[in-house]
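The values are calculated or read from the model by the stated rules, or taken from the named source; none is laboratory data. This is a predicted model, so every value here is computed, not measured. We place every Cβ from the backbone using ideal geometry, glycine too, and count neighbours over all the protein chains shown. The accessibility values were calculated without ligands, DNA or RNA, using every heavy atom of the protein model including side chains. Shrake-Rupley method; radii C 1.70, N 1.55, O 1.52, S 1.80 Å.
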Amino acid sequence: MHIFLPHLVLATDFPPWLRATHWVNVLFFGFMVRSGIQILGSYPRLYWNDHSKPGTEWLKFTRRKIPQDRLWITLEEEVEVPPVIGQPGGNNLGLGRHWHFFAALFWLANGIVYVVLLIVSGNWMAIVPTSWSIFPQMWHTFLSYLTFHAPPATDFTPYDPLQKVSYGFVVFILAPFQILTAAAQSPAIEAQFPWYSRLWGGRQAARSLHFIGLVLFIGFVFVHTLLIILVCACGPHSPALVGYVGNLGDIVLGQHLTHHTEAVLLGIGIVVAILLIYAITSFLSLSKPRTIQHALGAFYHKLVRLLSLGTRSHQKYTAADISDYHLINGAPPSSPEFLNELWRDFTEYRLEVRGLVERPLCLTLDDLFAMPKQTQIVQHNCIQGWSSIAEWGGVPMREIFARCKPLDTAKYAVFTSYSEDTAGRPYYEVLDLDTVKHPQALLAYEMNNQPLPLAHGAPLRLRVENQLGFKMVKWLKSIEFVETYATVRAGDGGSREENKFYEVEAGI
Ligand SMILES: Nc1nc2c(c(=O)[nH]1)N[C@H]1C(S)=C(S)[C@@H](COP(=O)(O)O)O[C@H]1N2
Ligand SMILES: [Mo]
């Protein structure tokens, strides 16, 4: 073996690219862990089933009991995350997601550079076992450490068998696993390739597996860091840690076993700098959320485009898949205008279609009932993390397009509700026309073959099956076609974007 890998045995000094990608990885990986915990905080329950029915979670990080005597919405599930742990901290799903996807982009790019150079340079052999004998060796090393004995220095080539297997596992199994389980949670990916989410046992199972991956990652970092701290504490001549002492020099200075103090100091310096970056970015996110939302949003949009998350949706579940309990988000309108409608059984209800159209419309429910009807059994994906499956029936948006004939200048549709958003203003959301035109964009007046229940948006709500739930405006009042949404309200593209810092692009 040694004759084939002379450079690995002799030159344990690490090349600059290896050290650079390691530390860049630490920075972005930390962002991802921190923002991942933030995201979990917005819906701290994990399931193996896609219905998210209360009580069926296998793990929860909340003591909150769901009240049975009043309407309860999933926004009430959000828990505050301390800024020391979460990025940016507090109750902040919107910015947490911005940080998560921003970091993902750089973490991935850095990871690709690392893996390519690892393979090209032949260094991959240092972390990929090439013989089964590694497993008994690994066990042996483990026992050595357990009994506070040093593995022989010759075991470090440059890593001992235990390091070799754990590093190889993290790079070539755990990292790809996290990317794949992340993708399985995107509504746009699920809509285009429903088989993909099912491969993982559904969106909730993918979310649970993604969480387990996070725990394994944290466990790895914990042990990895613990050994480094032991190296620093025990000094360069500690016999039980001789290999790690060398590795610390390797990863910081690129030199094995020499300049121990310099290596420790520089290592500590880098870690402190990274922690400072987390503190500053958390602070800025909390004090200037809008600026951070827009700055990171630019990367987010690039990511969505990179994945070319189109507008097709092939969601098709069966009647047997329908959830017996569909979660609810968003509180019903409290306006007297709406309650009056309700009292009159929605006979006075009108859907207004206006803006950049050839023919503005003012539709009664009977007008809508008279149009061609479409039903679809689909999974609802809330940005907070839960999902439920239902059958929705109503008028496809293309029927509305055919009647109002949007002008060529129209690029977006603004859906406005009778209900109030969290800031007390009418709830609204903007969607681009490609999304609104897709075959499963529906104005639903039925749910599971019954008239739409009040809590789910009666008398009419939007369904767009390749988007996150917050785009699907309930208690729909009007649709306005516009060229740009910069002039609509504060120009953020929707109530949730405005109040909760969600992204305008709601495909992942
Ligand atoms: N008018 C209005 N529509 C809304 C909301 C809201 O708060 N107000 N919440 C949105 C969110 S975040 C989700 S997840 C879905 C929930 O739909 P459901 O209650 O039918 O499950 O509605 C969306 N539509
Ligand atoms: Mo949601």
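Points worth noting:
- Centre separation in Å (Cα based) which lies between the stretch 107-165 and the stretch 440-464: 56
- Distance from the stretch 225-289 to the stretch 342-402 (C-alpha centre basis), Å: 57
- Fully extended contour minus Cα-Cα distance, from Leu307 to His140, at 0.36 nm per residue: 55.7 nm
- Charge dipole magnitude, Cβ of K and R +1, D and E -1 - the chain, Cα centre, debye nearest 20: 80
- Rel. contact order, % - alpha carbon contacts under 8 angstrom, at least six apart, the stretch 55-199: 13
- Dimensionless Rg/Rh of the stretch 106-250 - Kirkwood Rh, Rg from C-alpha atoms: 1.06
- Under 12 Å from the Cα of Lys411 - aspartates and glutamates, other chains or at least 8 residues apart: Asp432, Asp434, Glu480, Glu483
- Relative contact order for the chain, counting Cα pairs under 8 Å that sit 6 or more residues apart, in percent: 17
- For Lys477, the amide hydrogen comes within under 5 Å of the amide hydrogens of Thr416, Ser417, Tyr418, counting only partners 5 or more places away or on other chains and with H modelled in the peptide plane.
- Nitroxide proxy distance, nm - points 7 Å out along Cα→Cβ at Thr487 and Val221: 4.7
- Relative compactness, the stretch 351-470, computed as alpha-carbon Rg over 2.2 N^0.38 Å: 1.04
- Share of carbon and sulfur in the accessible area of the stretch 207-290 stands at 83%, probe radius 1.4 Å.
- Taking only the Cα atoms of the stretch 91-183, the radius of gyration and Dmax are 17.2, 51 Å.
- Longest exposed-site-free window of the chain, the sites being chymotrypsin sites (Phe, Trp or Tyr not before Pro) in a DSSP loop that have at most 11 other C-beta atoms within 10 Å: 149-508
- Accessible area in square angstrom per residue, the chain, 1.4 angstrom probe: 46
- In the chain, excluding the sites themselves, the longest stretch lacking any of the GluC sites (Glu not before Pro) that are in a DSSP loop with at most 16 other Cβ atoms within 10 Å is 81-347.
- Positive dipole terminus of the stretch 65-128, leading residue within Leu118, Asn92, Ala103 (C-beta point charges): Leu118
- Near-label residues of the stretch 449-467 by backbone N, under 14 Å of a point 7 Å along Cα→Cβ of Ile73: 454-458
- Residues of the stretch 197-240 falling in the label zone of Thr147, defined by backbone nitrogen less than 16 Å from a point 7 Å along Cα to beta-carbon, are 240.
- Label point distance in nm, Lys373-Ile66, each placed 7 Å from Cα along Cα→Cβ: 2.9
- Subtracting the Cα-Cα distance of Trp195 and Leu105 from 0.36 nm times their residue separation leaves 29.9 nm of extension gain.
- Rounded FRET efficiency, nearest 0.05, which uses the C-beta distance separating Trp343 from Val115 and R0 of 56 Å: 0.30
- Computing FRET efficiency as 1/(1 + (r/R0)^6) for Thr291 and Cys362, where r is the C-beta to C-beta distance and R0 is 56 Å, gives about 0.90.
- Two-site FRET efficiency, Ala298 against Glu80, from Cβ-Cβ distance with R₀ of 30 Å, rounded to 0.05: 0.60
- Remark: C-alpha extents of the chain on the principal axes read 85, 44, 43 Å, sorted largest to smallest.
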